[in-house]
Each structure stands twice: as C-alpha cells, then as structure tokens.
Amino acid sequence: MAKTPNSPQVYTYRNGKKVYLTKAADELVVRASTEELRRKGIINRMEKVSLHSTRVTVPADELDPLMDELRTENVTHHAYADEDTGQEFLITDRIMVTFKSPLSPDVLNQFIARYALIILTSYSQKEYLFQLTDQTNMNPVKLVVLINEAEGDIIESCDHDLNMRMKRSNVNLPTDVKYTQQWHLHNRLNSPAVDLRSSANCEEAWNLLNHFGSPDVVVAVTDDGCKVDHADFNSVNKFAQWGYMQNNTLVTRGAAGANPQLMYQAGADHGTNCCGVVAAEVDGVLTVGAAPGARLLPIKWASDAYGLYITDSRMMTVLNFIGDKADVMSNSWGNSPTSNFNSNVVNKVTQLAQNGGRRSKGIVFMFAAGNENCPVKHSGTQNIPCDRGRDSNNNWIGVETARVFEHNLVDVPGVMYIAALASNAQRSHYSNYGQGIALCAPSSNVHLYWRLSVTGLGIMTTSGEGQMFDPSFGGTSSATPLTAGIAALVISANPNLTAFEVISILQKTASKNLNMTAYAKTPPTSYDPNPTWDISPVAPYTNGNFTNIGHPDGTWSGWFGFGKVDA
C-alpha cells in the first residue's frame, strides 16, 4: 500500500479513542466480488477482504477516476490502515451508535435525518446499527469523527462496524520426522492405499484447541510395559505415574526399590507402541500421538512371548491404583471367544466409570474389540471361527470355532470396545464385530487367514527397539489407544465433562461416511481345499450399514459401531 503523499493527517474513533489512519494512494475497497469487477472490465490486482468486498490496487493516477466510476453502482471507499500498527482498517458503510439514554421517536428521527442514515438493527433502546446513504455526503471515517465530536450531549459512543479478517489460531504442525507418514492423524499422506475418510483428523482438532491436549489429562495404558526413557516421552512430567507387576504386587514410581528400567523388557514392545499412539510428544524427534500434550500412566502386566498374565485380583489392584489418577484407561488386550471378569472387577469398573478418575467425573474405559474376525458378544447355533487357524510357526492347523461369545464388560456404562478401520476406510478384515462395538478407529489391515491381498497401511508409532519407531503397528490394539487419545482431547476441550458425556460426544460425532465393501470369502488351497468354515461376519452383521437402534447417540453399525472416531 502506497501512502498518500503530503496528505493531511486522517483520524477517526475506535472504542472511544482517536485512531490515526494512513490512506492508500493506490488502493480502494469496493462492495463487489472479483467476478463482478472483472465483468466491468477491471483487471487490476484484487484481493477479497470480506464476504462481499474487494480491495483493488491501481496506479495512483487512476485511483480517483476509478472510484468515481465505481461509486455510481457500488459502495466504494479509500483503503485505510492504522498508522501506528500498519494493520488494515477495513471500514464499511455501517456505524454503531450507543446513546446515553433512550431517545424519543422524534429525537431519534431527527438524528437519522441529520446524517441521512437508515436503521439496520436495534440491539437495545440505546444501541443501533446504522447504514450510510448517498445523501450522507461523507465517508464513514469522517462521519464517525463528526458524530463523536458534535453529538456529545446525546451519544455515548459512535464507532465503525469494521470488517476484520481473523486468522485461524493454528498450532505449528509437528516437525517430527515420521509425522508425514502418520496418515491416521492427518490427510497429508498421498498414497493410493489411503482414503481420506479413514483419518481420525487429529490435526484439525489440535487447531481447534490451539494446543496438543492438556497435561492435566492422564491416560492410563495397561499392557506389557513402556520404555519410559524413550525420546518421544522425555518431557518433564510426561508420566503422571507408572507401575509394574511383580507377582501380585504393583510396584509404582516412588515406592522403595522401584526401578523404571523394569517398565520395559526386550521383545515386549506392544505397550510402548500403544503409549506412542496415545501421546508421543511433538518434539521434532520421531512420532506423534493423538494427544501429544496429555500425560501417560503406563502399567506393565506380567508377560512373556505368549501374552499377558492378568488375574481378577491383579485387575483390582490396578483399578484401585489408577482410580483417582487417570481420566481414560486404554486396554489393548483380551480373549475370544470369552473374556469375563468376576463381579468384583465388574462392580469396580462400574463405579469408576461413574465417579472415579482425577476429576471424580468418571474414567472412560476402552478395550480392544479383538482381531479374530468374530463377534464380541453373540450366541447361536453356528460354529464361528475365533482364531487365525495357525500355530506359533504359522503352519495351518485349522480354525478354532465357538457358538457363544461373551465379554462381560460390554454392557457396563462407561466401557467402549473399539474396532479397526483400514487406511482405505474399509473394515479391517481381522476386526471383531457385532454387539458391543462402540466405535472404530484407523489401524492396519491384513487378511486374518493369509489367503487374500487386502489394502491397508500400518500405523507409525514409537518402539523400544531398533530405530525406536515401528511403521507397521496395528490391530484393534492400535485403534484403542488412538481413540483413548482423542478422548483426552475432548476432555482437554472441556474438563467439566463426565466420562459418560465424553463417550456420548465421541459417538455422536463419529463419521459414518465409510467404505462398506465386504471381503471375498477365503479361497481354497491345497492344504485347505474346502474353506466353508469362513462364515464371518455372521447375521445380523453381514453388512456394515448403519441402522436405527433407538440410541440417543445415533445410528449404529455392527462393523463400525457408531462410526469412525473423528477428533
């Protein structure tokens, strides 16, 4: 913007204070779109400055003639900027006037006539929005000055109805070297294997929050441990607490003899993977979690290469420990066809979901739905496969089947079971389904029985081994901590929410625009020539359609629950 040379100092009023302006020698603002102006034959440099107005830059000697031409049909003003800050001062043909006291109709009409104004809106008996007319015979800059300085007996203030172009308060995007590959958090990875519908849209949520989640929110992750000295977890106070089981004792940070090195054991990387999916930090190092600013509370179960060793009593110990320390609990483990805790555990989870947690507003409990391509809760006469049909050496031995499937935390209010969604927005082939599924979340994909090629990228997250990252984590094991991290973002946005309200928000806002394509049945091979056993998903879950089940959070699908979690 070129300033008008040797022009007298221009000022107006803003919030009762005198503001000095510079008037551009080569710019005007007109209430017309760029398309309208081009139809008029104007081809100068143009910039949209409001929904209806455009700033036009012209050679200084052409400014006045063009303004005269445009004024015959369009509201047109000089372009101004605040002299002190250089910030644009986008006047309109509207002013806002507050009178000292309500005016009688006669006095108000006299005021209107004096300045040839039109009442657009009355906010109260003293506050009005006026529009200038051609008969006003001055621009708003001068009119605001005149009214403020000449009408002091009746007006409290006269101000501009400015156009203000506000920037979105975006956070600085992570520079962590693996972030661009984390397709589950954003829409930045250009790959034929990625359908944009599959992303959990965490990047957009960070922009809405203007941060990466609150350190006041704590997510407990119970698994095979966590490498607590990992570079993606090394900020001060990243861990609200931690603990590991020794026999039936939970050894926690601060206890006599507690050793953080015992939180991780070689070959047991699952828990570190999960913790990274929840809250790996934005620090320019490796990977990023769904809620990078939230804190973690990892618990290490006793484990070996065959799995985790969890008893009812150990579960009670852990629940009692985290009961007043966590807002969300993520559990990427389970059994199919059944996983039933005793009544003590069920009652404790029920109580903590209602009024436990750091805020005494309940803990959101999340469990992985499982990776056996079978129902979570079901009873019938069919023999339904409930494993992958291979031994520990990956030799085909045939599938195990069951007729009854039971997980007794399914019906506990405050407990969510999370299914997996592939990067092409299709149900992950291995993902369990049916009654109990609350949501799905982006994860990996693989044909459970290793007979078909399916589309799907893995999840990039932290690792305790090798290069300290894992590009191919997946399963409902990954979908669950991702959803837990997004729950942490919801609580960060409003810490007054109860656990039940958080769950309802997650379910009501879940995306239902997903890939409904079903998988072909498992083809025959020489070692299994008649795979008629492949009957999943079984009725009534043979498709992923969303139907009305009379739930206040909306329609539901046996494949996807209430939909894909959408941060």
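Against the definition (touching a Ser or Thr at 6+ places or on another chain (Cβ under 7 Å), more than 19 Å from Ala510 (Cα to Cα), without any contact (Cβ under 8 Å) to a residue 24 or more places away in the chain and open to solvent by less than 40 Å² (accessible area, probe 1.4 Å)), how does Gly464 come out, yes or no?
Answer is no for this residue.
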- Name every residue in region 106-124 that is of a type outside the set (A, V, I, L, M) and exposed (fewer than 11 other Cβ atoms within 10 Å of the Cβ), in order of residue number. Asp106, Tyr123, Ser124
- Please tell me if Gly254 is modelled with pLDDT under 95, of a type in the set (Gly, Ala, Ser) and closer than 20 Å to Val218 by Cα. yes
- Would you say Ser444 is closer than 17 Å to Asn515 by Cα, touching a Ser or Thr at 6+ places or on another chain (Cβ under 7 Å) and open to solvent by 10 Å² or more (accessible area, probe 1.4 Å)? yes
- Message: Taking the conditions exactly as written (at pLDDT 95 or above and touching a His at 6+ places or on another chain (Cβ under 8 Å)), does Asn355 satisfy them or not?
- Response: no
- Message: Just checking, does region 471-485 include any residue being assigned to a loop (DSSP other than H, G, I, E, B), more than 30 Å from Gly398 (Cα to Cα) and open to solvent by less than 20 Å² (accessible area, probe 1.4 Å)?
- Response: no
- Are any of the residues in region 4-22 of a type outside the set (Ser, Thr, Tyr), modelled with pLDDT under 90, more than 19 Å from Met138 (Cα to Cα) and assigned to a helix (DSSP H, G or I)? no
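Tell me the residue from Thr136, Thr72 that is of a type in the set (Ser, Thr, Tyr) and open to solvent by less than 40 Å² (accessible area, probe 1.4 Å), please.
Testing whether each residue is of a type in the set (Ser, Thr, Tyr) and open to solvent by less than 40 Å² (accessible area, probe 1.4 Å) leaves just Thr136.
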- Item | Residues of region 33-64 classified as under 36 Å from the mean Cα position of the chain (by Cα) and touching a residue at least 24 places away in the same chain (Cβ under 8 Å), total | 5
- Of the residues in region 146-160, those that are charged (D, E, K, R) and open to solvent by 40 Å² or more (accessible area, probe 1.4 Å) number 3
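If you check Ala518 against the conditions, is it of a type in the set (Gly, Ala, Ser), under 27 Å from Asn424 (Cβ atoms) and in a loop (DSSP other than H, G, I, E, B)?
In short, yes.
Yes or no, residue by residue, for (1) crowded, with 16+ Cβ neighbours inside 10 Å; (2) of a type in the set (D, E, K, R); (3) over 30 Å from Trp206 (Cβ atoms); (4) at pLDDT 95 or above:
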position: Thr525; (1), (2), (3), (4): no, no, yes, yes
position: Thr532; (1), (2), (3), (4): no, no, yes, yes
position: Ser536; (1), (2), (3), (4): yes, no, yes, yes
position: Pro540; (1), (2), (3), (4): no, no, yes, yes
position: His551; (1), (2), (3), (4): no, no, no, yes
position: Gly558; (1), (2), (3), (4): yes, no, yes, yes
position: Phe562; (1), (2), (3), (4): yes, no, no, yes
- Counting only residues that are touching a residue at least 24 places away in the same chain (Cβ under 8 Å) and open to solvent by 50 Å² or more (accessible area, probe 1.4 Å), give me the strands (runs of 3 or more DSSP E) lying completely in region 344-416 with at least 1 of them. 378-385, 401-407
- Inter-residue pairs, beta-carbon under 8 Å, first under 19 Å from Thr483 (Cα atoms) and in region 188-203, second among the basic types (Lys, Arg) and modelled with pLDDT of 95 or more, 6+ apart: Arg197/Lys564; Ser198/Lys564; Ala200/Lys564
- Selection count where residues are open to solvent by 10 Å² or more (accessible area, probe 1.4 Å) and part of a strand (DSSP E or B), scope region 418-437: 1
- Note on the structure: Expected single match for farther than 26 Å from Ser472 by Cβ, at pLDDT below 95 and open to solvent by 10 Å² or more (accessible area, probe 1.4 Å) among Asp283, Asp312 is Asp312
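Open to solvent by less than 60 Å² (accessible area, probe 1.4 Å), in contact with a Lys or Arg (Cβ under 9 Å, 6 or more places away or on another chain) and not polar (S, T, N, Q): is that true of Asp327 in this structure? Quick ask: steps written out before the conclusion?
On the way: open to solvent by less than 60 Å² (accessible area, probe 1.4 Å): yes; in contact with a Lys or Arg (Cβ under 9 Å, 6 or more places away or on another chain): yes; not polar (S, T, N, Q): yes.
When the stated conditions are applied, Asp327 passes them.
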- Within region 311-343, how many residues turn out to be of a type in the set (Ser, Thr, Tyr) and either farther than 20 Å from Ala369 by Cα or without any contact (Cβ under 8 Å) to a residue 40 or more places away in the chain (or both)? 3
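The values are calculated or read from the model by the stated rules, or taken from the named source; none is laboratory data. Bear in mind the structure is a predicted one, so any value in this text is a computation, not a measurement. Every residue, glycine among them, receives a Cβ derived from its backbone with ideal geometry; neighbour counts consider all protein chains shown. With ligands, DNA and RNA removed, areas are computed over all heavy atoms of the protein, side chains included. Shrake-Rupley method; radii C 1.70, N 1.55, O 1.52, S 1.80 Å.
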